[in-house]
Amino acid sequence: MCIIISRRIRYYLLLLIAVSLICLVLFLPLDLLEYLSLEIVGEPPINGQSWMAGVIALGGPLSMRILAIFGILIIFLLIPIVLNWEKAPHIQRQVKNAELAFFLLATGVFFLINFLIGYEWWDPNAFLGMGPLFFQSILSLIVLGCLPEIAKLIFKFERADFAESTANIRKIAIIMILIAFGYGLISLIWHCCSFFDAKMFFFFFIIKLIQLWAMCSFFFKWGLPLFLNKTNEWTAYIIISILFGFCYPWHTFGFAITFIIFGFLICYLTRKTNSYLTGLILLYFAYIFHAGLAWQGPLITFSVIYPISITIIAVLFYFNFIKRTILKT
């Protein structure tokens, strides 16, 4: 009986949050949305055009707001599915203080390198967007992504101690891609990224994959299980999400805070599925949809993005409320 009440309260809470977000999207003044987009959440559009030009490309202010609401609906229709996944068993092991120190030292060194490189790894006017410190940045990321394997050899723990399960990965991937699509619709509000040039395909499909693989491998494949064996679950989430947020290649403080929130979410998903691949898939496709859905022009927006969004919402509504079948892992 307590479980039923708990679930009912949880769903009412989700409904309250969803309605609140929808109201914000609908009623926040356009100039405030522009300020938040340019100064807090995102940055000026990388294609050199104005924020308002991006709004017009989406079919106007109302269309942009409707698409963001579609994104909220998609995500909040998927959240109950994820919440109902059974939590994967956690493998307990003895973590030496030396291993913890190694992890924290590597984190600190990478943060310092990343901070010194800043945004010099990227130059939109250079070949494939490669900035003056591009190769240094990529090398540091590849080393970071390989450190879990090096740590395994040094501290002699088992591969099963990593969070890298592939059980039910196809079903998990479908849900993560749909959540990423919902995020892509919401991010149409700030629409800072786009595939405006051929080099952007290299940036989003290749460079972002390397960045996300390295970060997820280090922090969620190795770091999260490490801290789960040293402290309680929520403390581990907080520590890893903060480290992840500030170590990710960021360009504004608001961006770092956003990735701390993402990090907390990925900690939860990794713990649920015992796989860093869950978060990697989510973040990768969130970037792809964030850049790919914006700046398509009213014709593509109304003839392609709207029908796909409405279809996804209809299918999720059917499974959640009519058929009442929750996809399980």
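The values are calculated or read from the model by the stated rules, or taken from the named source; none is laboratory data. As the structure is a prediction and not an experimental result, all values here were calculated from the model. Positions of Cβ are generated from backbone atoms using ideal geometry, with glycine treated the same way; all protein chains shown enter the neighbour counts.
Figures for the structure shown
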item: Unique match (being closer than 24 Å to A106 by Cβ and either at pLDDT below 95 or surrounded by 18 or more Cβ atoms within 10 Å (Cβ to Cβ) (or both)) among L316, L327, L212; result: L212
item: Of the criteria (1) surrounded by fewer than 16 Cβ atoms within 10 Å (Cβ to Cβ); (2) under 19 Å from the mean Cα position of the chain (by Cα); (3) at pLDDT 95 or above, which one I308 fails; result: (2)
item: Residues of the stretch 153-164 satisfying the condition of being farther than 20 Å from L209 by Cβ, touching a residue at least 24 places away in the same chain (Cβ under 8 Å) and not aliphatic (A, V, I, L, M); result: F155, F157, E158, D161
item: Condition broken by L116, with the remaining ones in (1) of a type outside the set (D, E, K, R); (2) in a helix (DSSP H, G or I); (3) on the phi < 0 side of the Ramachandran plot; (4) surrounded by 13 or more Cβ atoms within 10 Å (Cβ to Cβ) satisfied; result: (4)
item: Test: P132 is assigned to a loop (DSSP other than H, G, I, E, B) and either surrounded by 13 or more Cβ atoms within 10 Å (Cβ to Cβ) or of a type outside the set (G, A, S) (or both); result: yes
item: Unmet requirement for S241, which otherwise passes all of (1) modelled with pLDDT of 95 or more; (2) more than 14 Å from the chain's Cα centre (by Cα); result: (2)
item: Residue match in the stretch 78-100 (condition: among the aliphatic types (A, V, I, L, M), part of a helix (DSSP H, G or I), at pLDDT 95 or above and surrounded by fewer than 14 Cβ atoms within 10 Å (Cβ to Cβ)); result: yes
item: Residue in the stretch 258-265 that is under 30 Å from G118 (Cβ atoms) and over 11 Å from the mean Cα position of the chain (by Cα) present; result: no
